[in-house]
Structures are given as C-alpha cells and as structure tokens.
Amino acid sequence: MIYLDYAATAPVLPEVARAMNEAYGRYFANASALHTPGHLAMNEIERTRGLLAELINCEPEEIIFTSGASESNNAVMHTFEGCEIETSPYEHHSIIEVAEIYRGNKRPKLYSYMLANNELGEILELPCVGEDEYLHSDLTQVLGKMPIDVKALGLDYATLSAHKIGGPVGVGVLYVRKGVPFRPLIVGGNQEKRRRGGTYNTAGIIGFGAALKYMKDKKTWEIYDTYVRNLRDVLARRILAEIPGSSLNTDIVLGKSLPNILNVSFRAAEGESIQLYLDAEGIIVSTGSACASGDAKPSHVLMAKTGDAEVAHSSIRFSFGIDNTIEDVERVMEVLPGIVKRLQEISTIS
Ligand code: PMP
C-alpha cells in the first residue's frame with residue numbers, strides 16, 4: 001500500500017504503540033488518585049505536558065488535554081457564546097459549524113484563523129487583534145510540519161491533535177494563554193484544574209508524549225521542509241506536465257503552503273472516482289477532507305479557494321509523511337494518468 005493520506009491521520013508510530021502498551025500495564029491507575037500508582041500515572045502525564053510546553057513555547061499550566069482537536073475547537077467557541085466570532089473561510093467543520101451555534105454580537109470578539117488548512121495545505125495570514133479581542137488558531141495540521149511558537153504567533157488559544165503526528169486518535173490539546181477567558185466545555189470533575197472534567201486518558205497522553213519525542217528528536221519539521229517538500233513538488237510538476245486538464249489547488253510556492261499537502265483537480269473527472277480507482281491500485285488518497293466524505297456538497301474550502309463547484313468536485317488530496325519515497329510518487333504517476341484519461345473519456349462534461 002502507498003499511503004498518501006497523512007493529513008487525515010498518520011499511522012501510529014512503533015515508538016507510540018510500545019509506549020502505550022507499556023502504559024496500559026504500568027500506568028493504569030486513575031491519575032487523579034492520591035495513591036502511589038495514581039501519582040506515577042500523573043507524573044507521566046506531566047512529562048508529556050512539559051515536553052509539549054517546551055515545543056510550542058508556553059507554560060505547562062497553559063495546556064489542557066482534551067479528546068482531540070474537535071473538542072478543543074468546540075471548547076474555544078463555547079467560551080465565546082454570544083460574542084462576535086470571526087472565522088476564516090478555510091476553517092475545519094469543528095470551527096465553522098460550532099461558530100454558527102455560539103455566534104452573537106457582544107464583546108469581546110474572537111477570531112479563529114487556522115495557520116494552515118487541512119484540505120489545501122494553504123498557509124493563512126493570522127489577523128492582528130486589538131483591545132477586547134482574542135485570537136485562536138487551529139494548528140492541527142501544523143504540528144510536526146513547521147516549528148510552532150504560540151507566543152511569537154501572538155495566540156491566545158491554540159488547538160492541536162495527537163493523531164496527525166503518529167500519536168493515538170482521541171488525544172488533543174487546547175493551549176489557553178494565562179489570563180484569557182475560558183469556560184469549560186466538559187464540567188463535573190477537578191481534572192485539568194477544573195478546566196476539563198473526565199478521567200485522564202493516561203495511555204493516550206503517554207502515546208502523544210512518545211510522538212512528540214520522536215518529532216523533537218528527528219526535528220521532523222526539517223525533514224518536511226526539505227525531503228517531503230521535494231516529493232510533493234515532484235508529484236505536482238509531473239501531474240501538471242503529464243495529465244491534460246490538471247490544475248493545482250495548492251499553491252506550492254515556498255511559504256504559501258505546508259510542504260506535505262497537494263490538492264489537485266482534473267477537468268471532467270470526479271475526485272471520488274479517482275480516489276476509488278487509486279485505492280484499487282493500493283494508493284490511498286482523499287477527496288477534500290476525510291471528515292466531510294459522504295457529503296455530496298462540494299467542500300467549502302475548495303469553493304472558497306476556486307469558486308467553482310466543478311473544480312471542487314474533481315479534486316483529490318495527496319498528503320505525505322516522512323516515510324513516503326520517490327518510488328511512491330513514481331508509482332502514482334504510473335497509474336494516475338490512465339485513470340484520469342479513462343474518466344475524462346466517459347465524462348459527459350467536456
Ligand atoms: N482541525 C483540523 C484542521 C483538522 O485537520 C482536523 C482533523 N481532520 C481536526 C480539526 C479534527 O481533529 P480531531 O480528529 O483530533 O478531532
């Protein structure tokens with residue numbers, strides 16, 4: 001199998017699986033308990049918190065563990081219930097749909113702008129916020145791909161998720177800058193200084209820690225910036241040169257997109273059909289965002305970018321990880337031109 005859907009979820013790293021396996025045996029106790037096994041479990045949780053704080057340049061107390069990026073995003077929106085909320089048109093559904101629910105017109109105002117988008121990989125400019133205004137950024141796709149400094153970015157809140165870097169699904173983080181408003185989404189427990197109730201997912205948080213350690217030791221952002229960027233760019237250039245009717249939705253110019261995402265459209269060929277034919281060849285890609293699949297509407301992100309439903313429907317997303325090779329790109333280019341050609345030939349659209 002050639003896996004090119006890392007932006008949807010990355011395979012669990014062997015280091016992570018090992019750490020979690022050990023954790024289930026050794027750190028099974030409730031981490032909030034006052035007994036020794038509880039303390040030992042809590043020490044491990046604090047180790048992950050400390051490592052993450054170091055990696056994103058914040059204080060450990062500014063980190064809240066959640067069940068994933070979706071929950072972190074929901075928690076920020078929930079805090080600003082009834083307030084002005086401005087989001088970029090590229091946000092994930094767990095921002096866009098939740099903003100619809102909570103948006104009002106009182107102050108303070110919340111801005112939610114992701115630093116990089118999951119469907120296009122596009123890097124956005126973050127707004128400058130003024131008096132009585134706060135800035136949240138969903139950094140889910142950025143972790144591991146670029147260095148993150150929440151202070152330098154001027155963020156009040158930031159969202160992260162473990163499963164995009166080879167950690168487990170079901171572990172996320174919300175960074176909440178000291179002193180900014182926060183209203184817990186899940187109440188009913190003292191955990192996380194009363195900011196997020198629920199028994200600790202100790203093994204999951206330990207697994208996240210192992211993924212962060214891997215990221216730090218390998219400096220994965222450097223590998224993405226050089227090696228992975230080259231794979232992505234070779235694929236982009238070959239698609240444009242070898243497949244008639246192809247166009248890039250991702251701007252691959254340096255600094256305009258994450259190095260690992262390539263979104264492409266093929267005139268008169270449906271994205272989902274391409275995806276299925278590639279799947280039959282053992283090549284795994286996605287159409288738009290995996291979270292939106294099964295949804296017949298064109299992706300709101302592709303629509304915001306291209307303004308053209310035809311282009312949006314004919315798009316697929318390749319997303320690379322550091323384990324991909326140039327042979328993977330060559331294999332894609334052995335089969336993709338034929339698949340697109342066949343679909344274009346049977347299409348009623350010209
Ligand atoms: N935000 C972005 C930008 C994402 O790419 C994703 C995953 N598709 C999420 C949020 C949701 O993450 P999680 O699965 O951890 O809830």
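Overview of results
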| quantity | calculated |
| --- | --- |
| Accessible surface, per residue, of the range 219-346 when the full set of protein chains is kept, probe 1.4 Å, Å² | 44 Å² |
| Degrees between helix 271-280 axis and first principal axis of the chain (Cα, 0 to 90, nearest 10) | 90 degrees |
| Cβ-placed point charges (K, R +1; D, E -1), dipole of the range 14-218 about Cα centre in debye, nearest 20 | 680 debye |
| Share, in percent, of DSSP beta bridges within the range 14-218 that are antiparallel, nearest 5 | 45 percent |
| Beta bridges per DSSP with both ends in the chain, % antiparallel, nearest 5 | 55 percent |
| Residue among Lys297, Lys305, Lys213 with the largest mean-square fluctuation in a Gaussian network model of the chain, springs linking Cα atoms under 10 Å | Lys297 |
| Charge dipole (debye, nearest 20) of the chain; +1 at Cβ of Lys and Arg, -1 at Cβ of Asp and Glu | 700 debye |
| Cleavage-rule hits (trypsin sites (Lys or Arg not before Pro)) in the range 138-190: DSSP loop, at most 16 neighbouring Cβ within 10 angstrom | Lys151, Lys178 |
| Hull-based mean projected area of the range 191-310, where the convex hull spans the alpha carbons, in square nanometres | 11.3 nm² |
| Residue among Gln275, Gln141, Gln191 with the largest mean-square fluctuation in a Gaussian network model of the chain, springs linking Cα atoms under 10 Å | Gln191 |
| Accessible area (Å², 1.4 Å probe, nearest 10) - Glu334 | 130 Å² |
| Of Lys193/Lys216; Lys109/Lys178; Lys145/Lys218; Lys164/Lys341; Lys164/Lys218; Lys164/Lys297, those spanning more than 21 Å from alpha-carbon to alpha-carbon | Lys193/Lys216; Lys164/Lys341; Lys164/Lys297 |
| Mean ellipticity per residue at 222 nm, deg cm²/dmol - from DSSP H runs of n ≥ 4 across the chain, formula -39500 (n - 2.57) | -12000 deg cm²/dmol |
| Solvent-accessible surface (1.4 angstrom probe) belonging to Glu345, in square angstrom, nearest 10 | 120 Å² |
| Around Glu222: net Lys/Arg minus Asp/Glu count, Cβ-Cβ under 11 Å | +3 |
| Filtered trypsin sites (Lys or Arg not before Pro), the range 97-130: DSSP coil and at most 16 other beta carbons within 10 Å | none |
| Alpha-carbon Debye profile of the chain, log10 I(q)/I(0) at 0.09, 0.12, 0.13 Å⁻¹ | -0.51, -0.88, -1.01 |
| Of Glu97, Glu281, Glu131, the one that fluctuates the most in a GNM where the chain has Cα springs shorter than 10 Å | Glu131 |
| Per-peptide average of other Cβ atoms within 10 Å, ordering 179-188, 119-128 highest first | 119-128, 179-188 |
| Inter-centroid distance (Cα atoms) of the range 131-209 relative to the range 1-60, Å | 14 Å |
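The values are calculated or read from the model by the stated rules, or taken from the named source; none is laboratory data. From a predicted model like this one, the values you see are computed outputs, not experimental measurements. Neighbour counts run over all protein chains shown; Cβ positions are idealised from the backbone, glycine included. Accessible surface areas use protein heavy atoms only, side chains included; no ligands, DNA or RNA. Shrake-Rupley method; radii C 1.70, N 1.55, O 1.52, S 1.80 Å.
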